[in-house]
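Reviewing the structure listed below.
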Amino acid sequence: MKKTQDSFLLSLRFFLLMFLFFCAQTSLVWAKGAIHFSELKEVIQDQKLVLNAEIDFTLPEEVVSAIHHDISILFKTEIILLEEKPLLGMTFERVRKSIEYHTELYAYGVNRYYVLYNHRNHKRQTFQTLKEALQTLGTLQALPLINLVELHPEQTYFLKIRVSLNKWRLPPPLLIDSLLEPYWQLDSGWQSFKIRTPKSWR
Amino acid sequence: MYSGFWTFLKQYGWITLISSVLMLSLVIMSQILQNASSFADTYSSLLFFTLAGIGVVLFVLLKALWMLRVQYKKRTPGIKITIRLTLASTLMIGIPTAIIFYFSLMFIQQGINQWFDVKTETALENASALVRLSLDNSTRDRLKLTQAIVEEKGSLLAMSPVIEVNRLRSLLGAQELALYHSNQQLIAFSSQENTTILPEPPGDNLFQQIRQKKTYAAVETRPGLTSDDQFIRVIIPFSDFGVSGTYALQAIFLIPQSMTALAESVAAASAQYQELSYLKGPLITSFTLILSMVLLLTLATAVLFTIQAVQNFTTPIRTLARGTRAVSKGDYSIKMPIKENDEFGDLTQSFNDMIQRIAQARNEIKLGHQQTEVQKLYLQAIIKNLTSGVLTLDMNLRLRTSNDVANNIFNVEFSNYIGQHFEHLLYRDDNLPQLVEFFTHISPLLKQSEKPWHLQYEFASQYGQKILMIHGSTLPSMDKKIGGYVIVIDDITALVQAQLNAAWSDVARRLAHEIKNPLTPIQLSAERLQFKLEKELGGQSKALLNRMTHTIIEQVTTMKTLVQAFSDYANTPEVLLEETDINQLIIDIAVMYQDPMAKWDLTLALMEDCPVVLADKARLRQLFHNLVKNAIEATEDTILPKIQIRTYCNEQEQFVIEIRDNGPGIAEEAQNWIFEPYASDKPKGSGLGLAIVRKIVEEHHGQISLKSSPEMDTCFIIKIPILNNITSSKAHE
């Protein structure tokens, strides 16, 4: 009986190993993103910490084709402000601010305008070319993050940002393709940088 | 009823529940794929949930199959039929399901492909192009018109913007007209609806365009009350020399609702078509996946149901197999549980009854067997302790039992030949000659007679002649035929000998009594006759008288000697046993016969340290005299007669005396009766010498035997028991 259980567990381990190998391969493919940050900068404006960013979107042909076939694409923007605090020789991180919103990109009308719809502020903007739309999508201008009074001058802060195509919000038939095809794996990955402490804080 | 329901739930409930939930999930997924967008967000969750669920079902299926494999290797009862029925059911379900799967795939592919055809696509593209062309023309016309008016009325507009804006809006037929400075400041505006609500300014990018003095004309959309309104936005930047800076005139031309609706319907249809066209491949993939999952789930569930059902079906078989296995190992106390009141329940009940009866019968047989064993041991004990020899044969004349007495009589260890046909014993290499004659005698009686028979049989054993009384009888069998034979052998040698001795003693006593008495008067009368007539007669008559009376007196004397011998044989005086040094006794007697003038040569070979023997010296003296005399008489015709007396002890702790002579020997057939009275063929003697010798040996609880043949020496061997190994020297002390 014991021998039977061992054989069964051995088989189970083999399948788990195969599954992990498949996951590793998939994650390698996912790592190939076409979204890059060309500029990331925090600015103090009106006693607020604001973010300026320039993001370059290079959409694969298949994704562009999907947009041209009236498929809505949602880009997810995640911004996290982390406070790092050393304690007893260990470093603890605390999320001070988290912003997450979706921006929808789709083609509209017989004239095929490109529309950006921000799900956070419900603003919609129409563009005649995809390039313009992507340029606008990739421009974060003075995005307010947090009031300076909420930050401690002696602490270290990190800002993490990530922009990715949300494949879970694609039309259902595309879900399998989005999981398997590399061109749907558009992800900038987490970009992190330390916030320079303003002199005024000291 | 309730227990059955709970059993059903326990065995099938979980798989039914999982399958139902997964099937519902698959139905929802298929509905979502068919444009049920309200659940679109849950599609991925449902997909992973279903995949995980099917994974669990497959895991359970694999586990069940693995257990079947393990049970097959262990040769669990009922496993073969379980596997066979599972395979059959899987094929019966799987083949039609696979066929349906194949055709469903074909229908899905064909159905989705049929959604799209070239004509529809072209028509929709043309319709879109037509709408686009129409709007483009309209936009271009509005742009040209506005541009022309701005060129003509630009100065006036800069000088009196409020008045001119109103006038120009009426002239252009625009819904709204607004004048902006390039610094995004609204200078004047006019609306068809005479509202005071400020117009929506152009975006930053448009002002950037204005500052670069680029015109703008495009169809835009804004949210309306019921639906989005489409309008043409035209922006014409211009400069005037009278005023500083750049201005921009923005004209909003509302596209008619009817046209917008048509354009939207065309756009919506085209968009939907385009979307579906793009999703054609993924849709087929998704439907194939769902169909595959349905197939997999159906098959896995069916196989699991089948395995469980077959396991339930074969449970009574397994139970019965377990029972039969226990019974085969000798466990008759097992009782199979009856779970169902069906045919299998009846079968199990019958099995239990059968086992109970077998156990009962087995106990009875066991008891009977024990009783038989006891009876057998009892009989064996009786047979063993019988003074008669017993042999039993089966109906095929194979030896079955024997006892020690039979072994002793025939000097054969019969137990070594149990199970062998007695005729085979006669032709064995170790040759049992003593049995050949015996079986030759009894064989016809065994074969011919079913009634008890008796036979007196004289048997020449190595210890002498034996007289056997053989009783034969058949043994009964169950079918009332002959089951075997029993042969009872009584050694009646001693009895017959005793009878003979008694007869001879009686004869001797009578002879002594009837003859001895007249002999003295006869002798006296003869002597008186001689005395009286000797003086009166003379010559020849006197010589005749003397010769006659001498003959009478001599014969009377001989008869007296004979009568004395008979008297000695007949009289059995009480033996006075005492510790005797036999060697010394032999020496005393031998001296009497060791005459240097004698013809014979008597030698002694006596053992040293002669043991003490209980014996009657007088009787033994008579014994030695008789044997020595017998030897002397036997060697009368021998050229160099030699007589030797030898003593020694044998392994049976007997004192052995051998009296050997080199006479002519005794014929083999005479050796059997040589010790009988009047067995001697010698002309002289009473004929009772050796009979008396044997009588004296028997009085001393000894044995006498003869080794002789016509061409060999004659040796009488006497064996007398030794008294506690006391040597003669000790006896003398």
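The values are calculated or read from the model by the stated rules, or taken from the named source; none is laboratory data. It should be emphasised that the depicted structure is a prediction, and the values quoted were computed from it without experimental measurement. Every residue, glycine among them, receives a Cβ derived from its backbone with ideal geometry; neighbour counts consider all protein chains shown.
If a residue has to be surrounded by fewer than 19 Cβ atoms within 10 Å (Cβ to Cβ) and either within 12 Å of chain B (Cβ to nearest Cβ) or part of a loop (DSSP other than H, G, I, E, B) (or both) to count, how many in segment A:52-73 make the cut? Walk me through how you get there before you give the answer.
First, pick out the residues of segment A:52-73 that are surrounded by fewer than 19 Cβ atoms within 10 Å (Cβ to Cβ): A:52, A:54, A:56, A:58, A:60-62, A:64-65, A:68-69, A:72.
Add one more test, that the residue is either within 12 Å of chain B (Cβ to nearest Cβ) or part of a loop (DSSP other than H, G, I, E, B) (or both), and what stays is A:58, A:60, A:62, A:64-65, A:68-69, A:72.
Count: 8.
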Exactly one condition in (1) more than 9 Å from chain A (Cβ to nearest Cβ); (2) at pLDDT 90 or above is false for residue B:59; which is it?
(1)
Which numbered condition trips up residue B:314, out of (1) without any contact (Cβ under 8 Å) to a residue 40 or more places away in the chain; (2) surrounded by 13 or more Cβ atoms within 10 Å (Cβ to Cβ); (3) β-branched (Val, Ile, Thr)?
(1)
Residue within segment A:173-190 that is surrounded by 19 or more Cβ atoms within 10 Å (Cβ to Cβ), under 18 Å from residue A:52 (Cβ atoms) and not basic (Lys, Arg) present
yes
Meets criteria (modelled with pLDDT of 90 or more and closer than 30 Å to residue A:71 by Cβ) for residue B:47
no
Looking at (1) closer than 30 Å to residue A:141 by Cα; (2) more than 14 Å from chain A (Cβ to nearest Cβ); (3) crowded, with 17+ Cβ neighbours inside 10 Å, which is the only condition residue B:188 fails?
(1)
Within segment B:155-180, how many residues turn out to be crowded, with 20+ Cβ neighbours inside 10 Å and not hydrophobic (A, V, I, L, M, F, W, C)?
5
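For (1) over 20 Å from the mean Cα position of the chain (by Cα); (2) free of Cβ contacts under 8 Å to residues at least 40 places away in the same chain, each residue gets a yes or a no:
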residue	(1), (2)
A:96	no, no
A:122	no, yes
A:138	no, no
A:147	yes, no
A:161	no, no
A:176	yes, yes
A:185	no, no
Given the conditions (1) assigned to a helix (DSSP H, G or I); (2) more than 28 Å from residue B:561 (Cα to Cα), which single one is not true for residue B:504?
(2)
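Which residue is nearest to the chain's Cα centre (by Cα), if the candidates are limited to segment B:123-148 and must be surrounded by fewer than 19 Cβ atoms within 10 Å (Cβ to Cβ) and of a type in the set (A, V, I, L, M, F, W, C)? Explain how you work it out, then say what you get.
Here is the first cut: in segment B:123-148, the ones surrounded by fewer than 19 Cβ atoms within 10 Å (Cβ to Cβ) are B:123, B:125-127, B:129-130, B:132-134, B:136-138, B:140-141, B:144-145, B:147-148.
Of the ones still in play, those that are also of a type in the set (A, V, I, L, M, F, W, C) are B:123, B:127, B:129-130, B:133, B:145, B:148.
On the way: B:123: 85, B:127: 89, B:129: 91, B:130: 93, B:133: 96, B:145: 111, B:148: 114 Å.
Out of the qualifying residues, it is B:123.
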Given (1) at pLDDT below 80; (2) surrounded by fewer than 11 Cβ atoms within 10 Å (Cβ to Cβ), where does residue B:464 come up short, assuming only one miss?
(2)
If a residue must be within 12 Å of another protein chain (Cβ to nearest Cβ) and under 30 Å from residue B:301 (Cα atoms), how many such residues does segment B:109-128 contain?
1
Which residue pairs have Cβ atoms closer than 8 Å, lie 6 or more positions apart in sequence or on different chains, and pair a first residue in segment B:129-145 that is facing chain A (nearest Cβ under 9 Å) with a second residue that is assigned to a helix (DSSP H, G or I) and among the basic types (Lys, Arg)?
none
For segment A:111-167, which residues satisfy the criterion of being closer than 18 Å to residue A:80 by Cβ and touching a His at 6+ places or on another chain (Cβ under 9 Å)?
A:120, A:166
Subset of segment B:192-227 that is surrounded by 14 or more Cβ atoms within 10 Å (Cβ to Cβ) and in a loop (DSSP other than H, G, I, E, B) - its residue that is modelled with the highest pLDDT
B:215
Among residues of segment B:65-82 being aliphatic (A, V, I, L, M) and more than 12 Å from chain A (Cβ to nearest Cβ), the residue surrounded by the fewest Cβ atoms within 10 Å (Cβ to Cβ) is B:81
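Mind listing whichever residues of segment B:249-271 are in contact (Cβ under 8 Å) with a residue 40 or more places away in the chain and away from chain A (no Cβ under 11 Å)? Even if it seems obvious, please write down each step before you answer.
Taking segment B:249-271 as the starting set, the residues that turn out to be in contact (Cβ under 8 Å) with a residue 40 or more places away in the chain are B:249-255, B:259, B:262-263, B:266-267, B:269-270.
B:249, B:250, B:251, B:252, B:253, B:254, B:255, B:259 - these are the residues of segment B:249-271 that are in contact (Cβ under 8 Å) with a residue 40 or more places away in the chain and away from chain A (no Cβ under 11 Å).
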Of the conditions (1) in contact (Cβ under 8 Å) with a residue 40 or more places away in the chain; (2) more than 26 Å from the chain's Cα centre (by Cα), residue B:91 fails just one. Which one is it?
(1)
Any residue at all in segment B:358-376 that's in a helix (DSSP H, G or I) and surrounded by 15 or more Cβ atoms within 10 Å (Cβ to Cβ)?
yes
